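Please read the structure below before turning to the comments.
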Amino acid sequence: MKKIEAIIKPFKLDAVKDALNAIGIRGMTISDVHGFGRQKGHVEIYHGSEMDIAFLPKIKIEVVVADDMAEKAVSTIREKAKTGNIGDGKIFVARLDHIIRIRTGERGETAI
């Protein structure tokens, strides 16, 4: 099993969510996050003063999938989140050893 975390631009969330649903991924966790990478933030004018905005708003999507769905999920996220501009985000893939559904006690892929 794999856990996929994707940091994307906020306006791409609906396209990514709909595309993941279309390939059969039903459960996901979404978080509002702030950060920066190569973009290094930007400068905004607020009440006539320049303000350095170091942390940009992003969305973090977390999904857990069976091993055989991982590459499909990654390529779907990449395709739907890409704008071609700096700041499109990152995708992280990690192996999971255990998953346990709290309500039923199911373990492994049946708990996904």
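The values are calculated or read from the model by the stated rules, or taken from the named source; none is laboratory data. Because the structure is a prediction, the values reported are computed rather than measured. Neighbour counts are summed over all protein chains in view; Cβ atoms, including those assigned to glycine, are modelled from backbone coordinates with ideal geometry.
Annotations
- Complete set of residues in segment 50-67 that are out of contact with any Pro (no Cβ under 8 Å at 6 or more places or on another chain), assigned to a strand (DSSP E or B) and modelled with pLDDT of 95 or more: K60, I61, E62, V63, V64, V65
- Matching residues in segment 59-111 - criterion: being surrounded by 16 or more Cβ atoms within 10 Å (Cβ to Cβ) and over 27 Å from K9 (Cβ atoms): A111
- Across segment 81-112, the number of residues qualifying as at negative phi and either in a strand (DSSP E or B) or touching a His at 6+ places or on another chain (Cβ under 7 Å) (or both) comes to 8.
- In segment 68-97, the residues that are at pLDDT below 95 form no Cβ pair under 6 Å with any partner that is β-branched (V, I, T) and assigned to a loop (DSSP other than H, G, I, E, B), whether six or more places apart or across chains.
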